[in-house]
Amino acid sequence: MPALFIAGAGTEIGKTYVTAALTRRLIAEGRRVRTLKPLASGVPPLDHPDFAASDTARLLDAQGLAPTPETVAACSPWRYVAPLAPDQAAALEGRALALPDLVGWCRAEMARAEDILIIEGVGGLMSPVTPDATGLDWLKALGIPALLVSGSYLGAISHALTACETLRLHAVPLRAVAVSESPGAPTPPETVAAAIRPRVAAPVLCLGRDAPCPDELADVARGPQVSYPSRRDGTGEPGRAL
Ligand SMILES: Nc1ncnc2c1ncn2[C@@H]1O[C@H](COP(=O)(O)OP(=O)(O)OP(=O)(O)O)[C@@H](O)[C@H]1O
Ligand SMILES: C[C@H](N)[C@H](N)CCCCCC(=O)O
Ligand SMILES: [Mg+2]
């Protein structure tokens, strides 16, 4: 069962946009895709007019699911209203999440997935998810590969490479880097991708503004393994940053 964790080089840089585009593309191909945002902050109640803009609503829409109390809870069991790091947002509601509960819920979803499972993380790779764990801890505990989403704003190259290097140091397989075009970026996203590509041993692809899922991204999500460019040191080790 292919499973993919959508990690971010930062927050508000396109993870949900890329995840939704990928989900739509795979469903259109006839794949059975389950896309989850298990932990989400900045999510108003279902009956609030702003709910439609939440990650949960956008990912349900991409799966062709109407937002109901049941579908919302099944996609995002841990939702907090404040648009803050999730541990802070939870504390404002007098709540707290423990990493084993989050990991256990995701593992149960992995065990019952019929085909492709996609899990969107929260914020950047090392944003806190609980009082004592980051998104990296969550990803490592799941043991599934990552797709790293980057923006194309000035500074995005370093943010993306830092995240790739962190994944490499923690032995998390990196399937691809997706550069999602940031509004007002000083260069085209292809320029950012071209700067990242020779430094990372994984495919690096772009999504322009309002662009659909590129073929290469769908390839990455379909298979357990794809052909990556060789590392410049010649080892050809797949799925790792340099
Ligand atoms: N390639 C793109 N084309 C059009 N809009 C985009 C693109 N990438 C991102 N956006 C928009 O930018 C905003 C932020 O993107 P998004 O919500 O996907 O970020 P995120 O990384 O998922 O944030 P969070 O950390 O809150 O989960 C959204 O309104 C989204 O629709
Ligand atoms: C509210 C925002 N859009 C995300 N849901 C949460 C981002 C948390 C980032 C925390 C951090 O790394 O500083
Ligand atoms: Mg998101």
Exercise. Can you tell me which residues in segment 79-125 are part of a loop (DSSP other than H, G, I, E, B), touching a helix residue (DSSP H, G or I) at 6+ places or on another chain (Cβ under 7 Å) and more than 16 Å from ligand 3 (Cβ to nearest atom)?
Worked result: Ala96, Leu97
Problem set entry | Single unsatisfied condition, Thr162 versus (1) within 17 Å of the chain's Cα centre (by Cα); (2) modelled with pLDDT under 95 | (2)
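Pro145 - would you say it is of a type outside the set (Gly, Ala, Ser), more than 16 Å from ligand 1 (Cβ to nearest atom) and closer than 26 Å to Thr56 by Cα?
Details: of a type outside the set (Gly, Ala, Ser): yes; more than 16 Å from ligand 1 (Cβ to nearest atom): yes; closer than 26 Å to Thr56 by Cα: yes.
Yes: the conditions hold for Pro145.
Is it the case that Arg95 is free of Cβ contacts under 8 Å to residues at least 24 places away in the same chain and among the charged types (D, E, K, R)? Break it down into steps so the answer makes sense when it comes.
Values: free of Cβ contacts under 8 Å to residues at least 24 places away in the same chain: yes; among the charged types (D, E, K, R): yes.
So Arg95 passes the test.
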Exercise. Being within 16 Å of ligand 1 (Cβ to nearest atom), within 20 Å of Gly14 (Cα to Cα), open to solvent by less than 10 Å² (accessible area, probe 1.4 Å) and not acidic (Asp, Glu), is that true of even one residue in segment 82-105?
Worked result: yes
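Do the conditions hold for Gly135, that is, is it within 15 Å of Gly42 (Cα to Cα) and within 13 Å of ligand 1 (Cβ to nearest atom)? Full working, then the answer.
Details: within 15 Å of Gly42 (Cα to Cα): no; within 13 Å of ligand 1 (Cβ to nearest atom): yes.
No: the conditions fail for Gly135.
Answer yes or no as to whether Leu205 is open to solvent by less than 40 Å² (accessible area, probe 1.4 Å), modelled with pLDDT of 85 or more and assigned to a helix (DSSP H, G or I).
Criteria not met by Leu205.
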For this session: Give me the pairs, please: first residue somewhere in segment 1-14 and more than 16 Å from Gly135 (Cα to Cα), second residue anywhere and within 7 Å of ligand 1 (Cβ to nearest atom) and of a type outside the set (Lys, Arg), beta-carbon distance under 6 Å, and either six or more positions apart or on two chains.
Result: Gly14/Val149; Gly14/Ser180
Exercise. Of everything in segment 164-190 that's within 16 Å of ligand 2 (Cβ to nearest atom) and either in a loop (DSSP other than H, G, I, E, B) or open to solvent by 60 Å² or more (accessible area, probe 1.4 Å) (or both), which residue is farthest from Gly8 (Cα to Cα)?
Worked result: Pro183
Seminar exercise, completed: Counted residues in segment 55-64 being without any contact (Cβ under 8 Å) to a residue 24 or more places away in the chain and either closer than 14 Å to Val18 by Cα or open to solvent by less than 10 Å² (accessible area, probe 1.4 Å) (or both) come to 2
Exercise. Can you tell me which residue in segment 19-44 is nearest to ligand 3 (Cβ to nearest atom), limited to those that are free of Cβ contacts under 8 Å to residues at least 40 places away in the same chain and in a loop (DSSP other than H, G, I, E, B)?
Worked result: Val43
Problem set entry | Conditions (1) surrounded by fewer than 16 Cβ atoms within 10 Å (Cβ to Cβ); (2) within 16 Å of ligand 3 (Cβ to nearest atom); (3) in a helix (DSSP H, G or I): number failed by Leu139 | (1)
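Take Ala52 and tell me if it is part of a helix (DSSP H, G or I) and either open to solvent by 70 Å² or more (accessible area, probe 1.4 Å) or farther than 19 Å from Lys15 by Cα (or both). Give the steps one after another, and end with the answer.
Numbers: part of a helix (DSSP H, G or I): yes; either open to solvent by 70 Å² or more (accessible area, probe 1.4 Å) or farther than 19 Å from Lys15 by Cα (or both): yes.
Here the answer is yes, as Ala52 does meet what is asked.
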Exercise. Restricting segment 1-17 to residues that are under 10 Å from the mean Cα position of the chain (by Cα) and within 15 Å of ligand 2 (Cβ to nearest atom), which is nearest to Ala160 (Cα to Cα)?
Worked result: Ala9
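For (1) near ligand 2 (Cβ under 10 Å from one of its atoms); (2) among the charged types (D, E, K, R), each residue gets a yes or a no:
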{"position": "Gly104", "(1), (2)": "no, no"}
{"position": "Met110", "(1), (2)": "no, no"}
{"position": "Asp115", "(1), (2)": "no, yes"}
{"position": "Ile118", "(1), (2)": "no, no"}
{"position": "Gly123", "(1), (2)": "yes, no"}
{"position": "Ser127", "(1), (2)": "yes, no"}
{"position": "Thr130", "(1), (2)": "no, no"}
{"position": "Ala133", "(1), (2)": "no, no"}
{"position": "Leu139", "(1), (2)": "no, no"}
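The values are calculated or read from the model by the stated rules, or taken from the named source; none is laboratory data. The shown structure was predicted, so the numbers you read here are calculated from the model rather than taken from an experiment. Cβ coordinates were reconstructed from backbone atoms using ideal geometry, including for glycine residues, and neighbour counts include every protein chain displayed. SASA here: full protein model, heavy atoms, side chains in, ligands and nucleic acids out. Shrake-Rupley method; radii C 1.70, N 1.55, O 1.52, S 1.80 Å.
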